[in-house]
Amino acid sequence: MSTLLPVAILALLSPVASATWADTPGGHVPARFLGTWAADADLCGQEPYESMLEITPDSIAFYASGGPIRSVEAHSVEEVTLVAELHGESDETWAESMTLRLSQAGNRLAIDDREGFRHRCPPANR
């Protein structure tokens with residue numbers, strides 16, 4: 001019994017045990033953030049376009065860069081921070097941390113403190 005007590009205490013203190021990680025199994029992006037996003041809803045279905053953003057459970061792709069997501073931390077239902085290993089047009093590779101914030105309705109997405117937001121494109125236009 002004495003060996004179980006420290007394990008139980010560590011489990012309670014561990015961030016993995018917190019409710020914020022409940023919806024990020026395996027460090028994947030929660031489903032409500034997935035999809036295609038555009039700065040202007042009229043651009044949905046037209047590719048390529050500069051404001052394009054595609055988010056899958058384990059990758060993120062912008063117009064000129066993209067790559068695998070290495071970690072995800074959920075702060076709330078509408079906010080996650082992820083770290084992605086991005087690859088650019090000139091064979092550059094860099095790690096970038098970004099915080100994604102969804103509107104309450106889930107139809108608009110803001111990234112960090114950048115101006116503006118992106119609109120969720122309908123599934124038929126993905």
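The values are calculated or read from the model by the stated rules, or taken from the named source; none is laboratory data. All values derive from a computational prediction rather than experimental measurement. Quick reminder, even Gly has a Cβ in these numbers, built from the backbone with ideal geometry, and neighbours come from all protein chains shown. These accessible areas exclude ligands, DNA and RNA; they are computed on the full protein's heavy atoms, side chains included. Shrake-Rupley method; radii C 1.70, N 1.55, O 1.52, S 1.80 Å.
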Give me the net charge for the shell around Leu109: Cβ to Cβ below 9 angstrom, other residues only, Lys and Arg +1, Asp and Glu -1.
+4
For region 66-126 the mean separation of alpha carbon contacts under 8 Å (6+ apart) over residue count, i.e. relative contact order in percent, is 22
If you roll a 1.4 Å probe over the heavy atoms of the protein chains, what accessible area per residue do you get for region 22-77, in Å²?
48
Could you calculate the FRET efficiency of Asp58 with Glu79 from 1/(1 + (r/R0)^6), where r is the beta carbon distance between them and R0 is 25 Å, rounded to 0.05?
0.85
Charge sum, other residues only, whose C-beta stays under 9 Å from Glu85's C-beta, Lys/Arg counted +1 and Asp/Glu -1:
0
